[in-house]
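Worksheet: the structure to be examined is printed underneath.
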Ligand SMILES: [Zn+2]
């Protein structure tokens, strides 16, 4: 996906700590998804609005960087100091989200989780309505199961990619002319342990 940069003046200093992500929807009541996206970016760019989020994701899955990831965005009042914020366009509470929005959101959450070190679970990924009872976003049409399934898939893929890199290294050690039998055996043992860990992670063992 692509991110355009549409900076907002509505932000604070760098966050000292990042606990997770508050997920929002825009609910601006625009006549189309495209108009909703454009209106949201204009609203966040306006200093008078006094609101922002780190990112906005439109219905087609393309998005905008509004506030630098490391700075405090103004999206969830007293949670701003500790939480990242992302907005999905949803003109009305009855409007569904697109597959592209779920995919772009999952990619972003995987990136943020790796960058700031919070787990991808429901304690660290929260609805705006869960931290502020006066809010209702992202609302009843937001499919948490769909999001969590995408995140698990992405997580497993990144685990397997990192294991692949380790195994390539272990192969090289085993084939190295100066490797002793003890070193080769140790490399083999680490490989086998890796297989057991992956099987456990995906429930095969
Ligand atoms: Zn919200």
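How high is the FRET efficiency from residue 148 to residue 174, r the C-beta distance, R0 30 Å, rounded to 0.05?
After rounding, the FRET efficiency stands at 0.20.
Taking only Cα atoms and a 10 Å spring cutoff, compute GNM fluctuations for the chain and point out the largest among 175, 33, 101.
Most flexible of the set in this elastic network: 175.
What residues of the stretch 1-43 lie in the reach of a label at residue 122, counting those whose backbone N is under 19 Å from a point 7 Å from the Cα along Cα→Cβ?
Output list for this probe position: 20-25.
Using every Cα-Cα pair within the stretch 104-205, state what percent have a distance larger than 25 Å.
Details: 2204 of 5151 pairs.
I get 43 percent for the Cα pairs in the stretch 104-205 exceeding 25 Å.
What is the log10 of I(q)/I(0) for the stretch 40-109, computed with the Debye formula using one identical point scatterer on each Cα and no solvent, at q = 0.11, 0.25 Å⁻¹?
So the normalised log intensities are -0.26, -1.18.
What whole number of Å gives the distance from the Cα centroid of the stretch 41-60 to the Cα centroid of the stretch 100-177?
24 Å
For the Cα atoms of the chain, what angle does the longest principal axis make with the long axis of helix 144-175, in degrees from 0 to 90, nearest 10?
With rounding to tens, the tilt is 30 degrees.
Output the 0 to 90 degree angle, nearest 10, between the alpha-carbon long axis of helix 99-116 and the longest principal axis computed from the alpha carbons of the chain.
60 degrees
Take residue 114, project a point 7 Å from its Cα along the Cβ direction, then tell me which residues of the stretch 1-38 have their backbone nitrogen under 17 Å from it.
Only 1-3 pass the distance filter.
From zero up to wherever the largest Cα-Cα distance of the stretch 157-201 sits, split into 5 Å bins and tell me the percent of pairs in each.
5, 23, 29, 21, 13, 7, 3
Based on DSSP H runs of at least 4 residues, each adding -39500 (n - 2.57), what is the mean residue ellipticity at 222 nm of the chain after dividing by all its residues, to the nearest 500 deg cm²/dmol?
Working: 5 runs with 88 residues, N = 205.
It comes out at -14500 deg cm²/dmol, rounded to the nearest 500.
Using a basic spin-label model with each label point 7 Å from the Cα along Cα→Cβ, how many nm lie between residue 68 and residue 19?
That separation, rounded to one decimal, is 2.4 nm.
Using alpha carbons only, how many degrees (0 to 90, rounded to 10) separate the axis of helix 181-201 from the longest principal axis of the chain?
40 degrees
Which length gain, in nm to one decimal place, applies between residue 131 and residue 167 when the Cα-Cα distance is subtracted from 0.36 nm times their residue separation?
Going from the current span to full extension adds 8.7 nm.
Can you divide the C-alpha Rg of the stretch 116-155 by 2.2 N^0.38 Å and report the result to two decimal places?
1.27
In µm²/s, what is D for the chain at 4 °C and 1.567 mPa s, where D = kT/(6 pi eta Rh) by Stokes-Einstein and Rh is the Kirkwood radius from Cα pairs?
Working: Rh = 18.9 Å.
My calculation gives 68 µm²/s for D.
Read the figures in this text as sums done on the coordinates, not as results from a lab. None of these values were measured; they are calculated from a predicted model. Cβ sites come from the backbone with ideal geometry, for glycine too, and all protein chains shown count toward neighbours.
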